[in-house]
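The values are calculated or read from the model by the stated rules, or taken from the named source; none is laboratory data. As the structure is a prediction and not an experimental result, all values here were calculated from the model. Because the Cβ atoms are built from the backbone with ideal geometry, glycine has one as well, and the counts that use them run over all protein chains shown. Keep in mind that these areas ignore ligands, DNA and RNA; they rest on the heavy atoms of the full protein, side chains included. Shrake-Rupley method; radii C 1.70, N 1.55, O 1.52, S 1.80 Å.
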Amino acid sequence: MSLLGISLTGAVRAEWQLNMPTGVTELSAETYGLHMMVFWWCVAIGVVVFGVMIYSLVKHRKAAGAKPATFTHSMTAEVLWTAVPVVILLIMAIPAAETMVKLEDSRNPDLTIVVTAYQWRWHYKYQDEDLAFYSSLALPSLEARRKQSGIDPNTVDNYLLDVDHPVVVPVGAKVRLLVTSSDVVHSWWVPELAIKKDAVPGIVNEAWFRATETGTFRGQCTELCGRGHGYMPIVVEVVERDAYRAWADTRQDGAPKVASTK
Ligand SMILES: [Cu+2]
């Protein structure tokens, strides 16, 4: 029973995994594919190099009567150990370059959002809509994180990973992000979208994604930006187009355009 209890608590506490996520955009899947290709090349190289090394150590050991060779130079070996890595690097570089070109191609977006980082919250401005708001740490997390709050963080859903006003985007749309900062360097990171873009004061960095499925995707600021660095999460909600339209219209009509910054 206690084992069951431990395993259940573990499952509830964190859905963790060792590898990077495949993500929910076309390019995140491609990025994941690249990562796995390079990983398997590394595994193969490791197996070959350590295989040869261990074999040589055993086969040519002194105890078995091995006599050391006396040559000091081998042209063949030098050509091989230069040419083989070059070929391997080229095999990896070609698909990597193709993906990088796509990552940088943020032309013709369906939607552009200006993301501005502040100490310690995010501000989102939808360029084609009359829509802008701050996105701050959600109240339950904010209260639980206070010293001697008496609240057990384990009881808070998505502790430190939830915000009051998430970014909402339509599924299938090409969303361009223009990322900047108003004070220090921050970084907008959402693993499932395969985006980690620095927010630098005075500079506008571009990123884009096209989500292929709906859902809620969480991220965090990933550039140490001061005292509240751990308290400025990111939540992106990918919804159907109708739901997006309804949300945008409501936000523009009634709800406060600029949320409380407290
Ligand atoms: Cu930050």
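Pairing residues of the stretch 114-130 that are under 14 Å from ASP183 (Cβ atoms) with residues that are surrounded by fewer than 16 Cβ atoms within 10 Å (Cβ to Cβ), at Cβ distances under 6 Å and at least 6 apart in sequence or on separate chains, gives THR116/SER182; TYR118/SER182; GLN119/ASP183; GLN119/GLY226; TRP120/GLY228. Considering only residues in the stretch 185-216 that are in a loop (DSSP other than H, G, I, E, B) and open to solvent by 50 Å² or more (accessible area, probe 1.4 Å), the one that is nearest to the ligand (Cβ to nearest atom) turns out to be VAL185.
Restricting the stretch 104-132 to residues that are assigned to a strand (DSSP E or B) and open to solvent by 40 Å² or more (accessible area, probe 1.4 Å), which is farthest from the ligand (Cβ to nearest atom)? Top of the filtered list is LYS125. Residue pairs whose Cβ atoms lie under 9 Å apart, separated by 6 or more positions or on different chains, with the first residue in the stretch 220-233 and under 12 Å from VAL200 (Cα atoms) and without any contact (Cβ under 8 Å) to a residue 60 or more places away in the chain and the second more than 6 Å from the ligand (Cβ to nearest atom) and aromatic (Phe, Trp, Tyr), are GLU223/TRP189. Within the stretch 164-187, residues that are of a type in the set (Asp, Glu) have Cβ atoms under 6 Å from residues that are surrounded by fewer than 20 Cβ atoms within 10 Å (Cβ to Cβ) in these pairs: ASP183/GLN119, counting only partners at least 6 apart in sequence or on another chain.
Taking the condition under 30 Å from ALA211 (Cα atoms) and touching an Asp or Glu at 6+ places or on another chain (Cβ under 8 Å), does LEU27 pass?
Values: under 30 Å from ALA211 (Cα atoms): yes; touching an Asp or Glu at 6+ places or on another chain (Cβ under 8 Å): no.
No; evaluated as a whole, the condition is false for this residue.
The residue that is nearest to the ligand (Cβ to nearest atom), counting only those in the stretch 228-246 that are over 17 Å from the mean Cα position of the chain (by Cα) and either open to solvent by less than 50 Å² (accessible area, probe 1.4 Å) or of a type in the set (A, V, I, L, M) (or both), is GLY228.
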